[in-house]
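Quick note: the coordinates plus some simple rules give every number you see, no bench work behind them. Given the structure is predicted, the values throughout are model-derived calculations rather than measurements. Backbone-built Cβ (ideal geometry, glycine too); neighbour counts: all protein chains shown.
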Amino acid sequence: MNMRRITMIAMSVCGVLLLCACAATAAEEGGGSADKFTEIFKWINFAIVAGVILWTFGAKLPSVFRSNAEAISSAITKATAVKAEADKLLADAEARLARLEQEVAELRAAAGKEAAADAQRIREMAKSDAEKISIAAKAEIEAAERAARMELKALAAKLAVDGAESLLAKQLTAQSQESLVSGFVKSLEGRPN
């Protein structure tokens with residue numbers, strides 16, 4: 001309603017100004033009255049057309065302007081929210097970028113520590129493996145030594161038996177063999193079965 005009132009007042013003011021302009025023009029010309037009426041009629045016609053145009057647009061344009069203003073305001077609000085979000089993401093990215101060098105340094109330090117720990121673990125494993133190999137080698141040497149001793153004893157026993165056999169064969173005559181066999185048979189007779 002306020003808008004209609006303002007439109008009506010504006011139209012009235014335009015009409016009054018138009019009539020004053022017509023009167024001033026007529027007074028200056030001082031020409032014929034027919035020309036004056038034609039001129040006044042043109043100005044009145046102009047005022048009516050202008051009033052209709054103002055009334056038509058005055059009724060429709062405020063709502064159009066209001067909806068445009070609301071759309072622009074909504075777009076500004078959304079753009080502000082998007083800008084705030086973008087600023088937040090930018091600040092977060094900048095903070096992560098600033099921490100990136102520190103994280104890289106921390107990762108390098110951690111990798112160095114892990115590499116040193118791995119090297120120490122490998123040294124300890126190599127030392128342990130060397131000790132195990134040494135123990136295993138000693139055990140194999142001892143086993144080979146025992147086997148060699150046993151083989152040596154067996155060889156010595158065989159040589160002793162062979163030597164005793166050859167000695168017996170040389171010293172044992174047919175008469176001594178008979179006496180040995182008869183002594184053995186006599187010893188068996190005295191035993192119960």
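Could you give the angle, 0 to 90 degrees to the nearest 10, between helix 2-29's Cα long axis and the longest principal axis of the Cα atoms of the chain? Tilt relative to the chain: about 40 degrees. A Förster radius of 30 Å, combined with the Cβ-Cβ distance separating K127 from R149, puts the computed FRET efficiency at roughly 0.35. The modelled label-to-label distance between C14 and A157, using points 7 Å beyond Cα along the C-beta direction, is 14.3 nm.
To test your reading of the geometry: what angle, between 0 and 90 degrees and rounded to tens, separates the Cα axis of helix 33-171 from the longest principal axis of the chain? Approximately 0 degrees, to the nearest ten. Number of Lys-Lys pairs in the chain with C-alpha atoms under 24 Å apart and a separation of 8 or more places or on different chains: 5.
Based on Cα contacts under 8 Å between residues 6+ apart, the chain shows a relative contact order of 18 percent. What the pair-distance distribution of the chain shows, using all Cα-Cα distances binned every 5 Å from zero, is 1, 5, 5, 5, 4, 4, 4, 4, 3, 3, 3, 3, 3, 3, 3, 3, 3, 3, 2, 2, 2, 2, 2, 2, 2, 2, 2, 2, 2, 2, 2, 2, 2, 2, 2, 1, 1, 1, 1, 0 percent.
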